[in-house]
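**Q** Take a look at this one; I'll ask things after.
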Amino acid sequence: MRLFFFTIYFTFYSLNLCFSQSIKLEMQKLKKENKKSTNIILMIADGAGLSQITAAIYKNGNKSNLENFEVVGLQKTHSANSLITDSAASGTAMACGTKTLNGAIGVDAKNRSYESILKICEKKGYNSGMIVTSSIVHATPASFYANVPSRAEYQEIAYQLSKSEVDFFIGGGEKHFIKRNDNKNLVNEMKDWEFVSNLDQFNSSTSQKVGYFISYEEPPSLIEGRKPLLDIGLNSILKKLNSRDEPFFLLVEGSQVDWGGHDNDFEFVTSEYIEFDRAIGVALKFVDENPNTLLVVTADHETGGLGITSGNIRKFNPRARFSTKGHTATMVPVFSKGVGSSEFSGIYDNTEIFYKMMLQVK
Ligand SMILES: [Zn+2]
């Protein structure tokens, strides 16, 4: 009799064990499959056409991390209403897959709102991050989380970021969050977030959402004394995103190549691109270590109509001329590596960047 009860007990015990074990295995399998979903890293050097890239390569001792890419394409950058795009229309094209008017963020030419790839990914359970060297509400990053008819609505864009699903960000422009016409202090209102004041704090934070304002206004240029951050900051965000079980979407912008172009300042342009190039190195290493990743490196348009017109071959010291203080319509290159990278060869519209990345979103 005792043996009978023992057998019953043992059978239940092992059944129970089997059951919980199979659930656990199933969960592990799901996590693993999820983990295998493609991470997407989109890197945009604002205003960097082929001449900016070429000049930065020569200035960097004739080497660039871009030379590690095998797939290269070209994108046409015109907007819905102009051959010469601005960063809002081109950012929206890549983020949302629609051409729009210059100045518009996350809406089409008829002011209809579109979901960005970042938002679509978040809805599917991805994590997301952004690291930029402008303010975080500037046109390019804003295209990935905001919907406003004008890029100048910085306070509204900041408000929309405060309500967004973005998990990590590093960038400037704190004032748009705390010194506002509506007297709101968004930093205080963003209860799910931890705000840190340096990269060490960012790294050691265990919060689910972390924001790091690198400046109150727009960050200064490297020449003006900004501490190089894009590469080490990218490394920090990648570590955080990769420590989670879900895949991620990450936007990286070298924002100020464009500003150097507007200033017709060659040193400004090349120093900013060389920092961006170091960040590309960090991203490439991540792709090598995490093959379930798509890396796309591009620009939103060219700025300055730059031409390399002379230079010293022994010192690899290029000299250049700008032909405009504004943007140009020249096509910009697209470099890609990892899962789905072969989609990015050829010549296509900037809206295709969205659709080609979306092929990897499951
Ligand atoms: Zn731009």
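The values are calculated or read from the model by the stated rules, or taken from the named source; none is laboratory data. Predicted, not measured: the structure shown is a model, and the values here were computed from it. As a convention, Cβ positions derive from the backbone with ideal geometry for all residues, glycine included, and neighbour counts pool all protein chains shown. These accessible areas exclude ligands, DNA and RNA; they are computed on the full protein's heavy atoms, side chains included. Shrake-Rupley method; radii C 1.70, N 1.55, O 1.52, S 1.80 Å.
**Q** List the aspartates and glutamates whose Cα lies under 20 Å from the Cα of K184, skipping any in the same chain that are fewer than 8 positions away.
**A** Partners found: E153, E156, E165, E174, D192, E194, E217.
**Q** So if R0 is 25 Å, what FRET efficiency would N312 and I347 give, r being the distance between their Cβ atoms, rounded to the nearest 0.05? Present the calculation step by step, with values, prior to reporting the outcome.
**A** Values: r = 34 Å, r/R0 = 1.34.
Between N312 and I347 the formula returns 0.15.
**Q** Any chance you could tell me what percent of the C-alpha pair distances in the range 208-362 go past 25 Å?
**A** Numbers: 4879 of 11935 pairs.
The share of Cα pairs beyond 25 Å in the range 208-362 comes to 41 percent.
**Q** In addition: Between K184 and K163, with labels modelled 7 Å along Cα→Cβ, what's the label distance in nm to one decimal, could you check?
**A** Roughly 0.7 nm, to one decimal.
**Q** Next up: Once you have the Cα-Cα distance between S113 and R278, take 0.36 nm times their residue separation minus that, and quote the gain in nm to one decimal. Walk me through the numbers on the way to the answer.
**A** Numbers: separation 165, 0.36 × 165 = 59.40 nm, distance 3.48 nm.
Between S113 and R278, full extension yields an extra 55.9 nm.
**Q** Over the range 199-331, how many pairs of lysines fall under 22 Å by alpha carbon, counting only those 8 or more apart in sequence or from different chains?
**A** On the way: K209/K239; K209/K240; K227/K239; K227/K240; K239/K285; K240/K285.
Eligible lysine pairs with Cα atoms under 22 Å apart amount to 6.
**Q** Scan the range 198-292 for GluC sites (Glu not before Pro) in coil per DSSP, keeping those whose Cβ has at most 13 other Cβ atoms within 10 Å, and list them by number. Please report the intermediate quantities before stating the final value.
**A** On the way: sites: E217, E224, E253, E267, E272, E275, E289; in loops: E217, E224.
Of the GluC sites (Glu not before Pro), the ones in loops of the range 198-292 whose Cβ has at most 13 other Cβ atoms within 10 Å are E217, E224.
**Q** List the equivalent ellipsoid semi-axes of the chain in whole Å, largest first, each obtained as the square root of 5λ for an eigenvalue λ of the Cα gyration tensor. Don't skip to the answer; put the middle values down first.
**A** Details: eigenvalues 334, 112, 81 Å².
Semi-axis lengths for the chain are 41, 24, 20 Å.
**Q** Ranking request for peptides 343-349, 310-316: highest mean number of other beta-carbon atoms within 10 Å first, then the rest in descending order.
**A** 343-349, 310-316
**Q** Projected onto the charge dipole of the chain (+1 at Lys/Arg Cβ, -1 at Asp/Glu Cβ, origin at the Cα centre), which of S116, G311, F249 gives the Cα projection farthest towards the positive end?
**A** So the residue we want is F249.
**Q** I would also like to ask the following. Based on DSSP H runs of at least 4 residues, each adding -39500 (n - 2.57), what is the mean residue ellipticity at 222 nm of the chain after dividing by all its residues, to the nearest 500 deg cm²/dmol? Display every interim value, and only then the final one.
**A** Details: 13 runs with 140 residues, N = 362.
Taking each H run of at least 4 residues, the total per residue is -11500 deg cm²/dmol.
**Q** Over 24 Å between Cα atoms, which of K123/K163; K123/K191; K99/K191 qualify?
**A** Numbers: K123/K163 14 Å; K123/K191 20 Å; K99/K191 35 Å.
Too far apart for the 24 Å limit: K99/K191.
**Q** Using DSSP to define loop residues, name the GluC sites (Glu not before Pro) in the range 129-196 whose beta-carbon has at most 16 other beta-carbon atoms within 10 Å. Write out the running numbers ahead of the final one.
**A** On the way: sites: E153, E156, E165, E174, E189, E194; in loops: E153, E165, E174.
Within the range 129-196, the qualifying GluC sites (Glu not before Pro) (loop, at most 16 other Cβ atoms within 10 Å) are E165.
**Q** Here's a follow-up. What is the magnitude of the charge dipole of the chain about its Cα centre, with +1 placed on the Cβ of each Lys and Arg, -1 on the Cβ of each Asp and Glu, and no other charges, expressed in debye to the nearest 20?
**A** Working: 39 positive and 40 negative charges, 188 e Å.
Once rounded to the nearest 20, the dipole reads 900 debye.
**Q** Given a 1.4 angstrom probe, what's the average accessible area per residue across the chain, in square angstrom? Working shown, then result.
**A** Working: 16590 Å² over 362 residues.
The answer is 46 Å² per residue.
**Q** A further question follows. Counting only DSSP beta bridges with both residues in the range 39-358, tell me the antiparallel percent, nearest 5.
**A** Bridges in the range 39-358 are about 35 percent antiparallel.
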